[in-house]
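*Asks:* Below is one structure. I have some questions about it.
The values are calculated or read from the model by the stated rules, or taken from the named source; none is laboratory data. Nothing here was measured: the structure is a model prediction, and the numbers come from that model. Here the Cβ positions follow ideal geometry from the backbone for every residue, glycine too, while neighbour counts run over all protein chains shown.
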Amino acid sequence: LSERLGGVFDRLTKQGALSEDDVRTAMREVRVALLEADVSLPVARQFIKAVEKKATGASVTKSVTPGQQVVKIVHDELIATLAGEGEPGALRIDNAPAPILMVGLQGSGKTTTTAKLAKRLKERDRKKVLMASLDVNRPAAMEQLQILGQQIGVDTLPIVKGEDPVAIAKRAKTQASLGGYDVYMLDTAGRLHIDAELIQQAADVRDVVNPRETLLVVDGLTGQDAVNVATEFDDKIGVSGVVLTRMDGDGRGGAALSMRAITGKPIKFVGLGEKMDALETFEPERVAGRILGMGDIVALVEKAQQTLEAEQAERMMKRFQKGQFNMNDLKMQLEQMMKMGGLQGMMQMMPGAAKMAKQMDEAGLDDKILRQQVALINSMTKKERANPQLLQASRKKRIAAGAGMEVADLNKLLKMQRQMSDMMKKMGKMGKGGMLKQAMK
Ligand code: GDP
Ligand code: MG
């Protein structure tokens with residue numbers, strides 16, 4: 001009987017796999033969505049190719065079409081690509097005074113973003129901030145920053161007419177040290193297009209202040225162009241992070257993906273309007289949803305996955321009530337635990353299991369061990385999983401070797417399975433499984 005049930009489990013988890021055809025068909029739609037969102041063509045191509053490889057052969061959740069499954073995979077992959085390492089929005093601004101250099105094309109939103117970020121640093125991080133405009137090209141550019149500074153209560157470097165950007169940067173550095181500032185922000189001049197002079201200017205300033213962060217401000221409504229801009233700035237000046245502005249508009253923010261894919265630099269913030277509060281930490285989930293524009297499908301697949309998990313849990317509970325608990329069950333439990341952030345949290349919710357949780361914790365049952373145990377179970381045959389009592393010395397040796405571990409490790413796992421099985425039997429006898437049901441929630 002338990003053999004047959006084991007088979008049911010296998011079928012439940014594997015509802016067929018995505019064929020090359022499934023993937024290719026769905027990817028046509030995805031490609032259109034990406035291009036409509038202004039993801040640059042080479043980036044869209046490259047992204048699709050990578051996901052195609054990953055998606056082919058992946059399993060399809062019950063009650064979901066292959067196409068829908070592909071969309072979900074694309075969505076998850078988008079999030080993974082958009083998310084950089086480290087905390088979004090984090091800036092390296094220890095060692096006061098920390099210089100932040102703001103670069104980008106004219107009109108991208110540098111000056112506005114400089115002030116927004118200064119306000120954030122002041123209010124959220126309690127930093128004393130000095131802002132300086134190095135824009136000697138555009139008339140009234142310096143006054144623009146000064147006015148914003150007054151508005152948000154952040155100091156700006158006094159304006160001296162006729163100075164060049166390097167001289168202003170030096171003055172800002174001195175002023176920041178003398179004035180006890182934590183951070184000083186340099187708002188550079190932009191051009192409508194990248195040119196050698198602009199780049200040289202920014203590079204000269206960089207060499208003078210040695211910025212802790214060089215933030216590239218990019219208009220989120222620009223698609224193709226944004227990529228060239230980013231590459232150029234990164235090659236010539238070196239960029240530590242990106243701020244995407246105008247993400248409050250109708251655009252779908254494909255520039256975000258292009259930016260990440262090409263420069264590999266983290267997107268730190270997004271601008272969501274002209275107001276000084278309209279700056280937020282970059283959220284990959286939100287932007288991914290917007291780029292793909294298939295939120296309904298993603299939600300549907302997530303729902304189906306949840307339903308399936310609930311069904312599996314229900315089925316398992318029924319087995320537990322009968323006191324059945326084999327290696328397949330243990331494996332699912334272990335995987336569930338990994339998802340739920342460890343064994344302890346889960347065990348503690350189960351009445352009577354708190355003591356065992358403590359024992360397991362003392363035995364050092366962390367995530368690594370959970371993974372090792374899953375590996376052990378994976379190296380068992382179907383039959384062995386369903387009937388762990390089959391495991392005699394020679395089989396044990398083979399299984400342990402297959403998982404790259406010792407027989408002693410396997411013995412521990414078997415002991416655990418026996419204990420769990422006993423516990424399930426006891427709980428089953430307590431009737432109706434009400435408690436168990438609660439614990440599984
Ligand atoms: P700079 O030339 O790079 O310094 O650009 P500015 O900071 O002067 O911004 C140019 C225009 O874009 C201004 O009118 C800003 O108010 C506007 N702007 C900047 N960031 C955003 C944003 O996130 N959303 C919207 N809607 N407008 C923005
Ligand atoms: Mg400006």
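*Asks:* Applying the selection to region 229-261, what residues are aliphatic (A, V, I, L, M) and either in a loop (DSSP other than H, G, I, E, B) or within 16 Å of ligand 1 (Cβ to nearest atom) (or both)?
*Replies:* V229, A230, I237, V239, V242, V243, L244, M247, A255, A256, M259
*Asks:* If you go through region 227-266 one residue at a time, how many are in contact with a Pro (Cβ under 9 Å, 6 or more places away or on another chain) and under 14 Å from L117 (Cβ atoms)?
*Replies:* Adding up the residues that qualify gives 3.
*Asks:* Then there's this: I need the full set of residues from region 374-408 which are assigned to a helix (DSSP H, G or I) and hydrophobic (A, V, I, L, M, F, W, C), in order please.
*Replies:* Scanning region 374-408 gives V374, A375, L376, I377, A386, L390, A393, I399, A400, A401, V407, A408.
*Asks:* Another question, then. Among (1) within 25 Å of A169 (Cβ to Cβ); (2) away from ligand 1 (no atom under 16 Å from the Cβ), where does A83 come up short?
*Replies:* It fails just one condition, (1).
*Asks:* Would you be able to say whether some residue in region 162-185 is within 13 Å of ligand 2 (Cβ to nearest atom), surrounded by 14 or more Cβ atoms within 10 Å (Cβ to Cβ) and among the aliphatic types (A, V, I, L, M)?
*Replies:* Yes, some residue in region 162-185 is within 13 Å of ligand 2 (Cβ to nearest atom), surrounded by 14 or more Cβ atoms within 10 Å (Cβ to Cβ) and among the aliphatic types (A, V, I, L, M).
*Asks:* Shifting gears a bit: Output yes when any residue across region 2-16 is among the aromatic types (F, W, Y), modelled with pLDDT under 80 and assigned to a helix (DSSP H, G or I), and no when none is.
*Replies:* Yes - at least one qualifying residue is present in region 2-16.
*Asks:* Output the residue which, of all residues in region 138-149 that are more than 10 Å from ligand 1 (Cβ to nearest atom) and more than 21 Å from L178 (Cα to Cα), is modelled with the highest pLDDT.
*Replies:* I147
*Asks:* Answer yes or no: is there a residue in region 120-134 that is near ligand 1 (Cβ under 8 Å from one of its atoms) and within 23 Å of R246 (Cα to Cα).
*Replies:* Checked region 120-134: no residue is near ligand 1 (Cβ under 8 Å from one of its atoms) and within 23 Å of R246 (Cα to Cα).
*Asks:* Regarding L134, is this residue under 21 Å from A189 (Cα atoms), within 13 Å of ligand 2 (Cβ to nearest atom) and not polar (S, T, N, Q)?
*Replies:* yes
*Asks:* Considering every residue within region 102-117, establish whether at least one is more than 10 Å from ligand 2 (Cβ to nearest atom) and either in contact with a Pro (Cβ under 8 Å, 6 or more places away or on another chain) or farther than 22 Å from F233 by Cβ (or both).
*Replies:* no
*Asks:* Taking region 48-73, which residues are assigned to a helix (DSSP H, G or I), surrounded by 15 or more Cβ atoms within 10 Å (Cβ to Cβ) and of a type outside the set (K, R)?
*Replies:* I48, V51, E52, A55, P66, G67, Q68, Q69, V70, V71, I73
*Asks:* Filter region 65-93 down to residues that are acidic (D, E) and at pLDDT 85 or above and give me whichever is nearest to ligand 2 (Cβ to nearest atom).
*Replies:* E77
*Asks:* Could we say that D187 is away from ligand 1 (no atom under 16 Å from the Cβ) and closer than 22 Å to A115 by Cβ here?
*Replies:* So D187 fails the test.
*Asks:* Also: Looking for something at pLDDT 90 or above, closer than 24 Å to R319 by Cα and surrounded by fewer than 15 Cβ atoms within 10 Å (Cβ to Cβ) - is there at least one such residue anywhere in region 398-411?
*Replies:* Checked region 398-411: at least one residue is at pLDDT 90 or above, closer than 24 Å to R319 by Cα and surrounded by fewer than 15 Cβ atoms within 10 Å (Cβ to Cβ).
*Asks:* Take L105 and tell me if it is part of a loop (DSSP other than H, G, I, E, B), more than 15 Å from I267 (Cα to Cα) and within 15 Å of ligand 1 (Cβ to nearest atom).
*Replies:* In short, yes.
*Asks:* Oh, and also: How many of the residues making up region 108-157 are in contact with a strand residue (DSSP E or B) (Cβ under 7 Å, 6 or more places away or on another chain), among the small types (G, A, S) and surrounded by fewer than 21 Cβ atoms within 10 Å (Cβ to Cβ)?
*Replies:* Summing the residues that are in contact with a strand residue (DSSP E or B) (Cβ under 7 Å, 6 or more places away or on another chain), among the small types (G, A, S) and surrounded by fewer than 21 Cβ atoms within 10 Å (Cβ to Cβ) in region 108-157 gives 1.
*Asks:* Looking at G238, G289, G220 in this structure, which one is on the phi > 0 side of the Ramachandran plot and away from ligand 2 (no atom under 16 Å from the Cβ)?
*Replies:* G238
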